[in-house]
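The values are calculated or read from the model by the stated rules, or taken from the named source; none is laboratory data. Everything quoted here is computed from the prediction, not taken from an experiment. A quick note on method: Cβ atoms are made from the backbone with ideal geometry, for glycine too, and the neighbour counts reach across all protein chains shown.
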Amino acid sequence: MKVRNLTRQTVLADTVKVADQAATRRKGLLGRTYLPVGEALWIVPCESVHTFFMRFSIDLVYLDPPFNSHQNYHLLFRGRNGARPARPVRAFEDTWCWNDAAAASFQETLARGGRVADALGAFRQLLGETDMLAYLSMMAPRLVELRRVLKPEGSLYLHCDPSAGHYLKILLDAAASAGRDISSIKRALVSGAALPPSLRAELEGAGVKTRQAYATADLGVVAYETDGADGALLPGMLVNDELVVEIVTPGTDEPAAPGKVGEVVVTRLQGDYPLLRFATGDLSAWASSGRLKGWMGRADQSAKVKGLFVHPGQIVEIGKRHPELGALRLVVRREGEQDAMTLHAETARPNEALSQAVAATLQALTRLRGEVALVALASLPNDGKIIVDERPAQ
């Protein structure tokens, strides 16, 4: 049996043995001293992997734990005779929930003591017995054990939900500081959330060469950082050459002007899951030809004003009807317990007649009255935001 990556049309393993019975799952790799190149063991279903009596350490670990999507995922495969199973085999439930199992895992980690136990105990004080704590309690013993069996020069890749990434970093730090030598960790690839300069500096200062990638669950890797011939980081992120990437004005399907921040739209034609002009909802801009500036925020900017939704496309339409205008930005705020909005519009020739005409168009398109502020060209921020809601959070 072979395992293939259908997206890239590559063979992952030439000889794959399937452990789909209780006995074969328990045996795992017992008694083996190595795995030949191209050989793999596929464990189905798999909620955990034991390393008892293993005679060799692990080169690479890739962890893809639940993302809390509140969905159940199933395995779709054929049996050895080529027939599909009568019903899909559930792989895992993608839901975090504080229950007896989570509490037992939490207590097990605390009983072992050490830095990881201290970190997890602190999380309980901070988060309470929440679904997030359940997730961290599940991950903690796995991270500790995987760090133990990993080769000194091995790699561990952890794919995590952005809302959990910072908590997991603390757990990893605790696992590494529990008397473990982490000098073998030389490289890090960050994705799933923004990489602040401060975090990059911290990792680089610890001797870990840190790069980031921009990826989505539907598209895979969209762009990634690369180095020059001298090993120094190049500006921007190189776009995956298997994708067609566009930057459009938020709320429209029109290409954004060169250098302007807009929504990332991607076409993916490879494999059995093609996507045509997939709107990611993420903001970015071109750093240079074929290189994105990376993730720069979200493009979801619709705002509800006095019970009516105002969309970016409506603001873009104002610019089409008044070509003498440049960039536009609608600011929504609260004044005297009432919603109020002001359209900031760039123009080279500000005058009262233009202001009144734009205000009339704003009302016609949104069915709401708003003020118009004509401002100088290139004075509005280049951040891709067409609607900015400045009202205080409820």
Of all strands (runs of 3 or more DSSP E) fully inside region 66-183, the set with 3 or more residues that are modelled with pLDDT of 65 or more is 150-158
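Identify, please: which residue in region 9-24 is out of contact with any Lys or Arg (no Cβ under 9 Å at 6 or more places or on another chain) and surrounded by 12 or more Cβ atoms within 10 Å (Cβ to Cβ) and is, among those, nearest to residue 42 (Cα to Cα)?
Of all residues in region 9-24, those out of contact with any Lys or Arg (no Cβ under 9 Å at 6 or more places or on another chain) come to 9, 17, 20-23.
Those still in the list that are surrounded by 12 or more Cβ atoms within 10 Å (Cβ to Cβ) too: 17, 20.
Numbers: 17: 6, 20: 8 Å.
Among those that are out of contact with any Lys or Arg (no Cβ under 9 Å at 6 or more places or on another chain) and surrounded by 12 or more Cβ atoms within 10 Å (Cβ to Cβ), it is 17.
From the set of residues in region 184-220 that are among the charged types (D, E, K, R) and under 19 Å from residue 143 (Cα atoms), which is modelled with the lowest pLDDT?
Within region 184-220, the match that is modelled with the lowest pLDDT is 186.
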Inside region 332-372, the number of residues satisfying the requirement of being outside any helix (DSSP H, G or I), under 21 Å from residue 309 (Cα atoms) and out of contact with any Asp or Glu (no Cβ under 6 Å at 6 or more places or on another chain) is 17
Considering residues that are part of a helix (DSSP H, G or I), surrounded by fewer than 18 Cβ atoms within 10 Å (Cβ to Cβ) and touching a residue at least 24 places away in the same chain (Cβ under 8 Å), the number found within region 318-331 is 1
For residue 304, the lone unmet condition from (1) surrounded by fewer than 18 Cβ atoms within 10 Å (Cβ to Cβ); (2) closer than 20 Å to residue 279 by Cβ is (2)
When residue 227 is run through (1) of a type in the set (D, E, K, R); (2) in contact (Cβ under 8 Å) with a residue 40 or more places away in the chain; (3) in contact with a strand residue (DSSP E or B) (Cβ under 7 Å, 6 or more places away or on another chain), the failure sits at (2)
If we keep only residues of region 262-275 that are of a type in the set (A, V, I, L, M) and out of contact with any Lys or Arg (no Cβ under 8 Å at 6 or more places or on another chain), then the residue surrounded by the fewest Cβ atoms within 10 Å (Cβ to Cβ) is 269
Being buried (at least 16 other Cβ atoms within 10 Å of the Cβ) and free of Cβ contacts under 8 Å to residues at least 12 places away in the same chain narrows 243, 199 down to just 199
Restricting attention to region 21-46, the residues that are touching a strand residue (DSSP E or B) at 6+ places or on another chain (Cβ under 7 Å) and either of a type in the set (Lys, Arg) or assigned by TED's automatic domain parsing to the domain that holds residue 105 (or both) number exactly 1
Restricted to region 357-375 and to residues being farther than 17 Å from residue 302 by Cα and touching a strand residue (DSSP E or B) at 6+ places or on another chain (Cβ under 8 Å), the residue surrounded by the most Cβ atoms within 10 Å (Cβ to Cβ) is 358
By residue number, the members of region 276-296 that are in contact with a Leu (Cβ under 7 Å, 6 or more places away or on another chain) and either surrounded by 15 or more Cβ atoms within 10 Å (Cβ to Cβ) or under 12 Å from residue 249 (Cα atoms) (or both) are 278, 284, 286, 291, 296
Notebook entry, point to check: Does residue 283 count as within 19 Å of the chain's Cα centre (by Cα), modelled with pLDDT of 85 or more, aliphatic (A, V, I, L, M) and over 30 Å from residue 228 (Cβ atoms)?
Noted result: no
